[in-house]
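The values are calculated or read from the model by the stated rules, or taken from the named source; none is laboratory data. Being a predicted model, the structure only gives us computed values, none of them experimental. Cβ placement follows ideal geometry from the backbone for every residue including glycine, while neighbour counts extend to all protein chains displayed. Please note that ligands, DNA and RNA were not included when accessible areas were found on the heavy atoms of the full protein model with its side chains. Shrake-Rupley method; radii C 1.70, N 1.55, O 1.52, S 1.80 Å.
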Amino acid sequence: QVQLVESGGGLVQPGGSLRLSCTASGIRFSLYDMGWYRQAPGNKRELVASISVGGRTNSADSVKGRFTISRDNAKNTVYLQMNSLKPEDTAVYLCNAKFFANDYWGQGTQVTVSS
């Protein structure tokens, strides 16, 4: 059974930092492109950042220079380091794993940026 379990979300003040983690089980993690998405109430789900099996990263313009995605294949884990958080970053953050037609999602972790 495939599981993606996110952790690290919470309430943080504007300008603060959080590090999200997503640990996968039931898949050969090193074969999967990994991504972080987010969805705020009333908004579409959007890609925040992605990292390929080869380590190539991509991120949304809105988070460039503030968020960094990384992966540790030995730990089956992908991370999202989020710095200089803004209220508009408030959303549920979801982890995604893709390998050809295999496409898996975690349940998400809430990030709230508020003073």
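Here the condition is being open to solvent by 50 Å² or more (accessible area, probe 1.4 Å), part of a loop (DSSP other than H, G, I, E, B) and more than 17 Å from Ile27 (Cβ to Cβ); of Ser62, Ser84, it holds for Ser84 alone. Considering segment 29-57, the residues that are touching a residue at least 24 places away in the same chain (Cβ under 8 Å) and not in a strand (DSSP E or B) include one that is surrounded by the most Cβ atoms within 10 Å (Cβ to Cβ), namely Tyr32. Ser84 meets the conditions (1) touching a residue at least 12 places away in the same chain (Cβ under 8 Å); (2) out of contact with any Gly (no Cβ under 8 Å at 6 or more places or on another chain) in every case but one. The failed one is (2). Consider segment 14-28 and keep the residues that are in a strand (DSSP E or B) and not hydrophobic (A, V, I, L, M, F, W, C). The one that is farthest from Leu85 (Cα to Cα) is Ser25. Considering segment 34-69, and only residues there that are of a type in the set (S, T, N, Q) and under 22 Å from Asp103 (Cβ atoms), the residue that is nearest to the chain's Cα centre (by Cα) turns out to be Ser50. Reported count of residues in segment 2-28, each being over 27 Å from Ser114 (Cα atoms), open to solvent by 30 Å² or more (accessible area, probe 1.4 Å) and hydrophobic (A, V, I, L, M, F, W, C), is 1. Being charged (D, E, K, R), at pLDDT 95 or above and surrounded by 14 or more Cβ atoms within 10 Å (Cβ to Cβ): is that true of Arg71 here? The answer is yes for Arg71.
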